[in-house]
Amino acid sequence: MASFSIARLQWSHLEGPATRQRSHRHHLTMAEELVLERCDLELEANGRDHHTADLCREKLVVRRGQAFRLTLHFKGRNYEASVDSLTFSVTTGPAPSEEAGTRARFPLSDAVEEGAWTAEVVGQQDSALSLQLSTPPNAPIGLYRLSLEASTGYQGSSFVLGHFILLFNPWCPGDAVYLDSDEERHEYILTQHGFIYQGSAKFIKNIPWNFGQFEDGILDICLTLLDMNPKFLRDAGRDCSRRSSPVYVGRVVSGMVNCNDDQGVLLGRWDNNYGDGISPMFWIGSVDILRRWKSSGCQRVKYGQCWVFAAVACTVLRCLGIPTRVVTNYNSAHDQNSNLLIEYFRNEFGEIQGDKSEMIWNFHCWVESWMSRPDLLPGYEGWQALDPTPQEKSEGTYCCGPVPVRAIKEGDLSTKYDAPFVFAEVNADVVDWIRQDDGSMHKSINHSLVVGLKISTKSVGRDERQDITHTYKYPEGSPEEREAFKRANHLNKLTDKEDTGMAMRIRVSQSMSMGSDFDVFAYIANNTSEEHTCRLLLCARTVSYNGILGPECGTKDLLNLSLAPFSEKSIPLRILYEKYCDCLTESNLIKVRGLLTEPAVNSYLLAERDIYLENPEIKIRILGEPKQKRKLVAEVSLRNPLTTPLSDCIFTVEGAGLTEEQKVVEIPDPVEAGEDAKVRVDLLPLHVGRHKLVVNFESDKLKAVKGFRNVIVGPA
């Protein structure tokens, strides 16, 4: 049990040593003055009751709307209710006031008022007085100072009892973040690891991530992040007052995870030149990123991309008590002018020309946070989309949301905040124009690209993917979908798609792994009663996850391809490792494009497919039985799948509850083709329960390979 002597009570950055002032007035009473010796903030019991045990090792961290315990130890004489009057005061922020809700004064009382700051006696034993303090479910979150005024007749003293941090409370029905499922609270608040989905819509890849929201120092960093936000720097009192609202806090975090307008955490970069920082694909957790930001004096960390921004936001929001999950949208549109249309202008070979600011990203990640929306119409509570990746400004700042997922589904684009941008991400229409030599433009039919597919998040309590597309979109072609599109004025989507009787799609062979040569196929069907003579252009190019194309790694040009009536043809294109090895990005993606043109009738048919090349598996063996506070060894290995040696091999390992900080192990010698890169890493599990060990492997020719292993730690 943690107890604090009143003389040495000091904590973090708000206050100096605890103080006691005594005011002697006229002694109209003979009762001896009440003197406080120490205050016990009951860290262990409060941490257990408030689901903050991991945060309560050295300081008191509690959740709002729920009572917490403390014990006052007096010396000289005991507390007597008939003689002594005790009044508590709490303050948060640099300019606390009762009107702003950042200061409160309340007496020790039997009459407990719901939804207010209150204090009551729960027991007394000799000089020890056990109390229960209750906090309002809408109090601002943050660091509080707790003081006591003790008066006996006309004399009194005041004491600083200590400090505590107040968080949002999804267990409290009165809190705006209340979530009534215990399994969901466990996943979206308490679980420190998870998955982020990458790859492509046809080959979804789960990337393990260490959120680590209860790791040492992370809560303090999250509070620093709130105190660095421009709204706090402009008007600290108003900002601290508004921290009662998860809508406000979510919006602040969305802006502070990127550094485009402020001293935020991450700098985004997408050009594959990361030499002066760390490649976005290298990270395996948020803890390392947040600690680097704090230890550098809040200098931006290089570099992030969408899933890194989303994962760091998820860590911060879970830490502050807002239920949050990372979601991935495949074929995600970046629509700058809000016309819900992405237009690609291509040359006669199907290559995109001109401005590339409006793009379809292979995938894009954001977060959803659970909260009520008293600022909106009823029905818009629940999951809210927040996007910390800096894309477009919202009210002058690079942030996005929170916007109710339900509003996106209904096409209600007037809803705060940023509904049109998120609606376009999952619903925009794509039009391809082919420009001929003579400058004439022809619309191309492209049935292969649908925006907003396979919207994914990790399942509750399981290592499986959950598809949540239905929460953003009605079934395609349904009357409800038509209604939502009408409401959103999304008229392009309401026109029927053209059909020429010709169809083409890109098919792939069995799984395609990194380092292999493989075939892809243009599969063409002539569903008409006439023969067609066409030109087929097949091209494969490496591509970044945000749609930016790299060099060619395979082409085929068939000038006179004849297609008999009601027939099908499959045309192969061979893709060689030697062609893609030097230009593949760390996303491991290749875009295959087929353009079928029929010059006689100016007909153009386009098909595209993104291919994900699978990395080799990282094998993780746990040697020995995992027990709390007992050394454990993990053996981590990867087989070189290439025909050439791997140099500069590095394994990076971390896991909340398994390692206090990242472990980096370098392999000095090259790893030959077909041989194993293998290292052993020492772990020290601190907490009982289920944890994830997360691993990244880097080398000269094989980068950003991820692996994980669940480790169940038993009691010592």
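Rolling a 1.4 angstrom probe over the stretch 239-338 with all protein chains present gives an accessible area of which 42% lies on carbon and sulfur atoms. Across the stretch 109-182, the relative contact order, built from alpha-carbon pairs under 8 Å that are at least six residues apart, equals 20 percent.
Going from most exposed to least, what order do TRP117, TRP283 have by accessible area with a 1.4 Å probe?
In descending accessible area the options line up as TRP117, TRP283.
Distance between the C-alpha centres of the stretch 421-447 and the stretch 544-613: 18 Å, rounded to the whole angstrom. Over the stretch 162-252, accessible surface divided per residue gives 31 Å², non-protein components excluded, 1.4 Å probe.
Per Stokes-Einstein, at 4 °C and 1.567 mPa s, what whole-number D in µm² s⁻¹ belongs to the stretch 110-156, with the Kirkwood radius over Cα pairs as the hydrodynamic radius? Using the Kirkwood radius from Cα pairs, D works out to 99 µm²/s. On a per residue basis, the stretch 583-716 carries 43 Å² of accessible surface, using protein heavy atoms and a 1.4 Å probe. Solvent-free Debye calculation, one equal scatterer per alpha-carbon of the stretch 110-237: log10 I(q)/I(0) at 0.10, 0.17, 0.20 Å⁻¹ equals -0.56, -1.22, -1.35. Across the options HIS193, ALA67, LEU589, the greatest Cα extent toward the positive end of the charge dipole of the chain (unit charges at beta carbon of Lys, Arg, Asp, Glu) belongs to ALA67.
Amide H contacts under 5 Å for VAL301: LEU266, LEU267, restricted to partners 5 or more places along the chain or on a different chain, H placed in the peptide plane at 1.01 Å from N. Computed over the chain, the per-residue total of -39500 (n - 2.57) for DSSP H runs of n ≥ 4 gives a 222 nm mean residue ellipticity of -3500 deg cm²/dmol, rounded to 500. Against the chain, whose longest principal axis is taken from its Cα atoms, helix 306-320 shows a tilt of about 20°. Which of rounded, prolate, oblate describes the stretch 446-488, given a ≥ b ≥ c as roots of the alpha-carbon gyration tensor eigenvalues and a/c under 1.5 marking rounded, otherwise prolate only if a/b is larger than b/c? Oblate. Using a 10 angstrom Cβ neighbour count of at most 11 plus a DSSP loop assignment to flag exposed trypsin sites (Lys or Arg not before Pro), which longest range of the chain is free of such sites? Between exposed loop sites, the widest span is 26-461. Here the contact order of the chain, divided by its residue count and restricted to Cα pairs under 8 Å and six or more residues apart, works out to 9 percent. Counting only protein heavy atoms and a probe of 1.4 Å, the accessible surface of the stretch 618-713 is 47% carbon and sulfur.
Put a dot 7 Å past the Cα of LEU267, heading toward its Cβ, do the same for SER562, and the two dots end up 6.1 nm apart.
With every protein chain in place and a 1.4 angstrom probe, the accessible-area ranking of ASP271, ASP463, largest first, reads ASP271, ASP463. Dipole orientation for the chain: of the candidates LEU537, LEU605, TYR248, TYR248 has the Cα lying most toward the positive pole (charges on Cβ; Lys, Arg +1; Asp, Glu -1).
For a distance above 38 Å, tell me the whole-number percent of Cα pairs in the chain that qualify. Mind dumping the intermediate values first?
Numbers: 116656 of 255970 pairs.
Value for the chain (Cα pairs over 38 Å): 46 percent.
Restricting the calculation to alpha carbons of the stretch 499-612 gives Rg and Dmax of 14.9, 46 angstrom. Note on the stretch 618-713: Lys pairs 8 or more places apart or on different chains, Cα atoms under 25 Å apart, count 29. Only one residue of VAL711, SER127, LEU413 has its Cα farthest out toward the positive end of the dipole of the chain, where Lys and Arg carry +1 and Asp and Glu -1 on Cβ, and that residue is SER127. Computed about the Cα centre, the dipole magnitude for the stretch 182-492 is approximately 560 debye when only Lys and Arg (+1) and Asp and Glu (-1) carry charge, each at its Cβ. Taking amide H as placed 1.01 Å from N in the peptide plane, the amide H of THR585 sits under 5 Å from that of VAL543, each at least 5 places away or on another chain.
Helix 286-295 and the longest principal axis of the C-alpha atoms of the chain enclose an angle of approximately 60°. Could you work out how far the C-alpha centroid of the stretch 660-716 sits from that of the stretch 81-120, in angstrom? Their Cα centres are 50 Å away from one another. Rolling a 1.4 Å probe over the protein heavy atoms of the stretch 424-538, with every protein chain left in place, gives an accessible area that is 46 percent carbon and sulfur. The charge dipole of the stretch 618-713, taken about the Cα centre with unit charges on the Cβ atoms of Lys, Arg (+1) and Asp, Glu (-1), comes to about 620 debye, rounded to the nearest 20.
About the centre of its Cα atoms, the chain shows a dipole size close to 1080 debye [charges on the beta carbon of Lys, Arg (+1) and Asp, Glu (-1) only; nearest 20 debye]. Applying the criteria of a DSSP loop state and at most 12 other Cβ atoms within 10 Å to the GluC sites (Glu not before Pro) of the stretch 79-166 yields GLU80, GLU98, GLU99, GLU113, GLU114.
Hey, what did the stretch 529-570 get for relative contact order, percent, Cα under 8 Å, at least 6 apart? Could the numbers behind the result be given before it?
On the way: 63 pairs, mean separation 20.6, N = 42.
Rounded, it is 49 percent for the stretch 529-570.
The values are calculated or read from the model by the stated rules, or taken from the named source; none is laboratory data. Here the structure is a predicted model, which means the values were calculated and not measured. We place every Cβ from the backbone using ideal geometry, glycine too, and count neighbours over all the protein chains shown. Calculation scope for accessible area: heavy atoms of the full protein, side chains included, ligands and nucleic acids excluded. Shrake-Rupley method; radii C 1.70, N 1.55, O 1.52, S 1.80 Å.
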